[in-house]
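The values are calculated or read from the model by the stated rules, or taken from the named source; none is laboratory data. Quick caveat: nothing in here was measured; it's all calculated off a predicted structure. Every residue, glycine among them, receives a Cβ derived from its backbone with ideal geometry; neighbour counts consider all protein chains shown.
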Amino acid sequence: MSEGFSFKLKSWRPVLKFSALTLSLNVAGAILFSFIPSYDKQPSEIASAGSGTLLLISNLTQAASKGVAAGIAKKLGNMKSIVAGIALSAIFFFLMPLSPSFGILSLFYVLRSGTRFMSDPIITSLFLKSLSEDEMSTANSIRMIAMNGSGAVSAMIGGFLLENVGLDSPAYIGAALTLVLAGLYPVLLSKEIKEASEA
């Protein structure tokens, strides 16, 4: 049985690595929400209902991609699946500000959501395998704090970029950060991947 929250963690290294990667990846994706409203105000302006429909389709795509994650991981392996999903999402992320219309942007947004969130169940599985059972409660709490805290951080960063850098900057910077993180996952989590494969 896992115990309650405790500040004592034997597995603090994987907890720190997974939490930092989770925070960074969520910030990279969440600053995108600063870009979409600014795009709507350009000549290809759409009604607010269009954004709502986009978010609905995106959420359904996320759910579907998480459902097929296990099958993809079985074929490619855990780390290749994580890297491929995050790297592909970075490409679609980068293409969004180049879109000639909101329809094309919406397509890239949905593809970005599907590829990005495909990796989440695999990452969570690796995270849990790196912990002893009595640490899971505390470790999960720390990772959830990082996950939820990314929203506040990304809102500040996105607003700063829009005001001081440019309307497209959240998308380009988010894409670049996402691509960097795709490369960092196998570097930082090589030990956890090895231990999970041997378990």
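Highlighted here are the helices (runs of 4 or more DSSP H) found entirely within the stretch 95-199 that include at least 3 residues which are under 14 Å from Pro14 (Cα atoms): 120-129, 136-164, 169-188, 190-198. If the condition is being among the hydroxyl-bearing types (Ser, Thr, Tyr) and more than 15 Å from Leu55 (Cα to Cα), then the stretch 95-114 contributes Ser99, Ser101.
As a summary of the residue check, Ile157 satisfies the conditions (1) of a type in the set (Val, Ile, Thr); (2) more than 16 Å from Leu32 (Cα to Cα); (3) modelled with pLDDT of 85 or more; (4) surrounded by 14 or more Cβ atoms within 10 Å (Cβ to Cβ) except for the one numbered (2).
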